[in-house]
1. If we scan the range 512-525, do we find a residue that is at pLDDT below 80 and hydroxyl-bearing (S, T, Y)?
2. Specify which of the listed residues (A537, A524) is within 26 Å of R626 (Cβ to Cβ) and crowded, with 17+ Cβ neighbours inside 10 Å.
3. Residue check: is G336 in contact (Cβ under 8 Å) with a residue 12 or more places away in the chain, buried (at least 22 other Cβ atoms within 10 Å of the Cβ) and not in a helix (DSSP H, G or I)?
4. Please specify each residue of the range 86-127 satisfying the condition of being basic (K, R) and without any contact (Cβ under 8 Å) to a residue 12 or more places away in the chain.
5. Just to be sure I understand, how many residues within the range 1-43 are touching a Pro at 6+ places or on another chain (Cβ under 7 Å) and either charged (D, E, K, R) or under 17 Å from S419 (Cα atoms) (or both)?
6. Of the residues that sit in the range 576-631 and are β-branched (V, I, T) and outside any helix (DSSP H, G or I), which one is nearest to V566 (Cα to Cα)?
7. Applying the selection to the range 563-613, what residues are over 30 Å from L521 (Cα atoms) and without any contact (Cβ under 8 Å) to a residue 12 or more places away in the chain?
8. Considering only residues that are among the β-branched types (V, I, T) and farther than 21 Å from T10 by Cβ, which ones fall in the range 39-63?
Amino acid sequence: MSGIIPATFTPLPASVDEEAVQREFRRLKEESAPLSPLAEKDAAVRNVLAAVFGASPFLTRLVHAEPDFAFSCFQQAPDALFADLVSEANDAGTSEKSEAEIMRRLRIVKRRAALLIALTDIAGFWELEEVTRRLTELADAAVQAAVAFTLRKAVEQGRLLNAAPESSGYVVLAMGKMGAHELNYSSDVDLVVFYDPAKASLAEGVEPGPFFVRITRQVMKILSEITGDGYVFRTDLRLRPDPGSTQVAISVEAAEIYYQTMGQNWERAAMIKARPAAGDIELGRDFLNTIAPWIWRKYLDFAAIADVQALKRQIHAVKGHGEIAVAGHNLKLGRGGIREIEFFVQTQQLIAGGRNPRLRGRSTLGMLAALADEGWIRRDVAEDLAHAYRFLRMLEHRVQMRMDQQTHLMPTDDEGLESLARFARFPNREALSAALRQTLETVQEHYNALFEEAPELADETGSLVFTGAEDDPETLDTLARMGFARPKEASRIIRGWHYGRYRAMRSASARERLTEITPHLLAALARAGDPDAGLVAFDRFLEGLPSGLQLFSLLKANPHLLDLLVTILGTAPELARELSRRPRLFDAVIAPDFFEPLPDREACERMIEEAVPEEMAYEEALDAARMFAGEQKFRIGVRMITETVTPQEASAAYTVLAEVVIARMLRLVRRQLAEAHGDFAAARVVVLAMGKLGGGEMTATSDLDLILVYDPGEDALQSNGRR
């Protein structure tokens, strides 16, 4: 055997679509492709090509588009062929003269590499780890070439003095699967771009921010724009700090400040796999070393796990409910899927990696083994999950090879399942379904055991996950079922809270508490009848909060208060504004006597005497009186909107409150004036209530119409105070 056919080659099952197979072999012969006679005399070559022609329209097109290279795949050593392709990409970055030329050259390299890697995978020449590593090395070479070309052009244009990427002060971090050398066959590549103005050799007058943003956009165009030759890699820059409000390239100083002050737990998990891939690699390593204490906390981080759980794409309200369906199952995001294995590993790393550097690796399989070695998980669990990971990734690749689509969905029809089964070396769809169902159930069993005591981030109707850089499709479905007319807008608002743009959300503890109460909040909004409007009102409420931890903790401990809060937001905007300014007002609501009869005049007088005692200093007393009046008005207002008092009772309570506060303030002011200016011994003063107060008909929004009448006494010419 030679080329991609291994010495221990095992033939693949016959394709379901034999007609397509024969048609493509006839086409090879008509095109005089060198593969045609080779396939006629070599059964292994014919078997692999038949599998391709019967199951993958995309790979079939590549075989016809690159007949000579396809022939080479069966004749030359795959390692040498791949090395030549990487060299070709590198050369494109340093030698091509125009953007169009490098774009075309990199797309040809990608096309050939895609064919080579797929054939080695299908034939069994490379194992999964080798396949994902080669895909990642190709992505690295492409990004490096695009960066080298773009920096070189910037020098030619007089904007940069030195084109050497390694000293440019510009680094591209590979994230996710690319960072871990685990790219799948049709992966997007997740990238984050940082720059250091102090290291960049910019021409005089060139501003670093706009310059590196322009460089980044050019690099992304070279890689992602679809031309007549296709694309190199789809790129995604949304894992950078706060992507909704930051540029595509960020200074390392700004990034460090963000992560240290507002970085979220899901971003800690994402940074586990971060790897400098192109540009100034040393700068990237220094940056990762700087934020390492933030990623790897020294103490067991169980307190943050409830928030980290939101990384997981699917979190089910009832664990293990229903039978796992094979048809249409999402291999990555579905129950028992790839994401659960990755999340299982990353969570353990976040918990233990701060104290054990051996648990800080990027590789999923490598870290499964390390977790077992270090005693964090049982050996049999690590082996089960490693086997499942390899199986699911293999199947994911077969699904993506069909049309070169970034999909993880199993076929939904019997014919599609049968075709995939044979492409994946199963005799029929029944055998594939049995193996897949057993694998998914094994993963789910281990995952559920890991989080048996963890709080759900789900509503009874489905998943509610709002961390990460993009909308969670299952969460959008859940929001729609809950009654949200604009689920994407709702998701955008909620995900925005976690970036610390509001004062109340700037502490990690506040964000973690809000994550825990979010499902209950959304359920309360849904019960209120107009969840979209309610969510906008809650967002305004959050924006005005001075801090959030105390209120969120209160709501977590008393989830029934969420319905009350939603009612306040929807029906009493003035109460909502007051609560936003002074969230401690909610403390009164949980007092045992809150729903007791409203205080009468005598009780109200005792309360204000306690709140504003006679010996209190003047300015302090004014503040205490404002607080007392605000709390009592809030209490009466809440009782009104919860319909636990009648409008007449509320009006009487507002009137009594106003009268006792006026009486207390009158005594306070008279005392203050007497201390400063003396008094009139025989003076008499009365405050006359007019309007609503005079008629005993006060409301929450009533002003106080007052007239102060005084009599200084007979022969009173001046006070008895100091002159």
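The values are calculated or read from the model by the stated rules, or taken from the named source; none is laboratory data. Please read all numbers here as calculations on a predicted model, not as lab measurements. A quick note on method: Cβ atoms are made from the backbone with ideal geometry, for glycine too, and the neighbour counts reach across all protein chains shown.
1. no
2. A537
3. So G336 passes the test.
4. Within the range 86-127, K97 is the sole residue that qualifies.
5. 2
6. I590
7. E602, A603, R606, E610, P613
8. Passing the criteria: T60, V63.
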